[in-house]
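First up is the structure itself, then whatever we jot down about it.
The values are calculated or read from the model by the stated rules, or taken from the named source; none is laboratory data. If you're wondering where the values come from, they're calculated on a predicted model, not measured in any experiment. With ideal geometry, Cβ positions are generated from the backbone for all residues, glycine too; neighbour counts draw on all protein chains shown. Ligands, DNA and RNA are excluded from the accessible area calculation, which covers all protein heavy atoms including side chains. Shrake-Rupley method; radii C 1.70, N 1.55, O 1.52, S 1.80 Å.
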Amino acid sequence: MRIVKLLVVVLLTILFNPGIAQIIKFGNLNYSHVPIVNGDVMINWGAPTPMKINITFTRPSIEPWVSKPIKGELVLFYDTNGNRYDLLSTTFTTSDWDAGSFVSHVINRDVTFPANVLNGFNGYLNVYAKYRYYRDKYPDPENTDGWTDWIAIPGYQRFALAPYTIPVTSFEGPEMICNEGIYTITNPYAISLVDAAGVATLTDMGQNKWKVTNVSGGGSAKTVKLRSTSSTKTFDKDIIIGGGYVTAVQGPSSGHGGETFEFTMEYIGQGTIKWKCNSPLVDMSFGTTGPNLFIQTAELLRNQKNQEVIIEGIFTSTCGVVTQINKRLILNP
């Protein structure tokens, strides 16, 4: 029983003795007067970004602490390219507290994030905060006069380049190529060629010029994307390798003999169209060279069920690449 009483006395002494572990503590910190999206502070492209920081501190609200002077320093900082930069260095004092109060006023400071720290290649960074205070005849255990060590404020605030301020990438060059094409890119970021494996390669020629080369051997056609990727946005230009190709043949899959049917070829790029059908049940005299094909089918006898007709849609691009899609039509009486 005596041991339990002793533990209780020791615990109460730790909790209520004003000379144990009483320090100036960080309360809260936030940013305002600046757009904040998904928790990120939005930073302008190529221009300073003004904002405000709002912070509170706490102190013991009992004597002798409420009678002691407070002098402290707060620093906001960030790291980039291996170097540390101060975004704000400011002070706080006794005047930031009401007499006898535990929590300080909300301390507001103007902050300006400099231009060109963030860009299309480096669109994010974390801003940290730290503070210290001066011990001036403070009680034990803070009774060594002088500055404390710097105290890190937990966490960080992410700053991000605002997507709506990033200059748009523009591309100048051919929409389709047979062999190769040269593209001039304004405001290029990270340049790449997407969906191009075995079809095309990309070469940086300097001075904001890139060359796209057809490496398919002339036997295939495909759309690839010339892409500029910033830290927060992506810009694309579609390039048709091989001049063009058929993508689909639209039309009915079944019907009755003696009816007229329409089929439509969908394609990308430029070239010529040809339709073929070798079935004796089909009359193609309406025309076989436009994107729309009309056919007349023959009447069927009752025992002529599930007669299969294959419509061939053939596209020859301006580069000479031939692509084809077949459409299956089932006829019944």
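A few comments on the model shown:
- Per residue, in Å², the accessible surface of the range 189-331 once ligands and nucleic acids are set aside, probe 1.4 Å: 51
- Kirkwood hydrodynamic radius of the range 219-280, Cα pairs, Å: 15.2
- Solvent-accessible surface (1.4 angstrom probe) belonging to L87, in square angstrom, nearest 10: 20
- For the range 253-317, applying the loop criterion from DSSP together with a ceiling of 16 other beta carbons within 10 Å to the trypsin sites (Lys or Arg not before Pro) yields R302, K305.
- Kirkwood estimate for the range 174-333, i.e. one over the average of 1/r between Cα atoms, Å: 18.0
- Sorted largest first by accessible area at a 1.4 angstrom probe radius, with every protein chain in place, the residues R84, R135 fall in the order R84, R135.
- Rh by Kirkwood over Cα pairs, then Stokes-Einstein D for the range 262-320 at 1.306 mPa s and 10 °C, µm²/s: 123
- Residue-level accessible surface for T288, protein heavy atoms, 1.4 Å, Å²: 40
- The 1.4 Å probe gives accessible areas that order S67, S216, largest first, as S67, S216.
- About the Cα centre, charge dipole magnitude for the chain (Lys/Arg +1, Asp/Glu -1 at Cβ), debye: 740
- Calculated mean residue ellipticity, 222 nm, the chain: -1500 deg cm²/dmol, from DSSP H runs (n ≥ 4) at -39500 (n - 2.57) each, averaged per residue and rounded to 500.
- Whole-angstrom gap from the range 33-72 to the range 170-201, using each part's C-alpha centre: 47
- Note on the chain: GNM, Cα springs under 10 Å; of N38, N122, N28, the largest mean-square fluctuation is that of N38.
- Computed across the chain, the Kirkwood hydrodynamic radius from all distinct Cα-Cα pairs reaches 27.4 Å.
- Across G82, G198, G242, mean-square fluctuation computed from a Gaussian network of the chain (C-alpha pairs under 10 Å connected) peaks at G82.
- Local electrostatic count at T260 - Lys and Arg +1, Asp and Glu -1, tallied over other residues with Cβ under 15 Å: -4
- Fraction of accessible area attributable to carbon and sulfur, the range 156-232 (%, probe 1.4 Å): 49
- Computed from phi, the 3J(HN,Hα) profile of the range 298-306 under the Karplus parametrisation 6.51, -1.76, 1.60 (θ = phi - 60°) reads 7, 5, 10, 6, 4, 8, 9, 9, 6 Hz, with x in place of Gly and Pro.
- Considering only alpha-carbon pairs that sit under 8 angstrom and 6 or more positions apart, the relative contact order computed for the chain is 12 percent.
- Relative contact order [Cα under 8 Å, 6+ residues apart], the range 123-256, whole percent: 20
- Neighbour cut-off at most 13 other Cβ (10 Å), DSSP loop, GluC sites (Glu not before Pro), the range 272-333: E299
- DSSP beta bridges confined to the chain are antiparallel in about 90 percent of cases.
- Rg over Rh, two decimals, the range 91-234 (C-alpha only, Kirkwood Rh): 1.33
- Look at the dipole of the range 25-171 built from charges on Cβ: of G100, L88, V66, the Cα furthest out on the positive end belongs to L88.
- With Cα atoms, 0 to 90° folded angle of helix 2-16 axis to the chain main axis: 80
- By the Cβ distance rule (another cysteine Cβ under 4.7 Å), the unpaired cysteines of the chain are C277.
- The range 233-272: GluC sites (Glu not before Pro) in DSSP coil with no more than 16 other Cβ atoms inside 10 Å: E259
- Positive minus negative residues near R109 (Lys, Arg vs Asp, Glu; Cβ under 14 Å): -3
- Long pairs among K274/K327; K25/K52; K25/K68; K225/K274, criterion Cα-Cα beyond 25 Å: K225/K274
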